[in-house]
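I have placed the structure first, in the form of structure tokens, so that the comments after it can refer back to it.
The values are calculated or read from the model by the stated rules, or taken from the named source; none is laboratory data. Here the structure is a predicted model, which means the values were calculated and not measured. Please note: Cβ atoms are built from the backbone with ideal geometry, for glycine as well, and neighbour counts cover all protein chains shown. Calculation scope for accessible area: heavy atoms of the full protein, side chains included, ligands and nucleic acids excluded. Shrake-Rupley method; radii C 1.70, N 1.55, O 1.52, S 1.80 Å.
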Amino acid sequence: MSREARHGALIGRRDEQQLLAGIVDGARDGRSGVLVLRGEAGIGKTALLTEVLTAADGLRTIHIHGAESEMELAYAGVQQLCGPILSHIDRLPDPQKNALRIALGLREGAAPDRLLVSLAVLTLLGDAGAERATICIVDDAQWVDRASLQALTFAARRLLADPVAMIF
């Protein structure tokens, strides 16, 4: 389906669709990008994100869904992010690798340092993007647990030269 046809699928969202297409094209061209979609419930944010996933052919896509029932589970959102790129964990520096493994319940230990988990998320996304341009979609971010949201926003603010885009 052509970009124009996709843009016609949602009524009154051309500006948002073009902005999102630019984020996807930027990742495809090796540029990072971050975007936050805000609005009242039911206005079509998820439909826009679904369209992004459709337009991201050839890119690695990671789709995180916030859930109110998981808000109290620390790092539930990070677990969703890491699932598709967990094969990159051995490339992390040992402190990041250990913190992330503890956060994900892959090894025992005291609660991990949040900065190390956040750095691990940033490093994983960068490695994944270097291998293949990556789009990370965080749908219903308001329901993502606090620890994960901190790690995700930490990474989003520091994506500079990686072909990784994050859309919240």
In degrees rounded to 10, the 0-90 angle between helix 146-158 Cα long axis and the longest Cα principal axis of the chain is 70
Out of V52, V78, V36, a Gaussian network model of the chain with alpha-carbon springs under 10 Å gives the largest mean-square fluctuation to V36
Counting sequence-distant residues (5 or more places) and residues on other chains, those with an amide H built under 5 Å from that of G33 are V164, A165, M166
Within the under-15-Å Cβ sphere about L152, not counting L152, Lys/Arg +1 and Asp/Glu -1 give a net charge of -1
Placing each pseudo-label 7 Å from Cα in the direction of the beta carbon, R107 and A130 end up separated by a distance in nanometres of 2.1
Rounded to the nearest 10, the angle in degrees between the Cα long axis of helix 45-55 and the longest principal axis of the Cα atoms of the chain comes to 90
Helix 14-28: inclination vs the chain longest Cα principal axis, degrees, rounded to 10, gives 50
Residue span T61 to R14: 0.36 nm per residue of separation minus Cα-Cα distance leaves a gain in nm of 14.7 nm
Share of accessible surface on carbon and sulfur in the chain, whole %, 1.4 Å probe and ligands ignored, is 51
Residue separation between L115 and A161 times 0.36 nm, minus their alpha-carbon distance, gives in nm 14.5 nm
Rounded to whole Å², per residue accessible area for region 1-141 with a 1.4 Å probe reads 53
Note: E72 to L35 extended length (0.36 nm per residue) minus current alpha-carbon separation gives 10.8 nm
With a Förster distance of 25 angstrom and the Cβ-Cβ distance between F154 and T54, calculated FRET efficiency to the nearest 0.05 equals 0.30
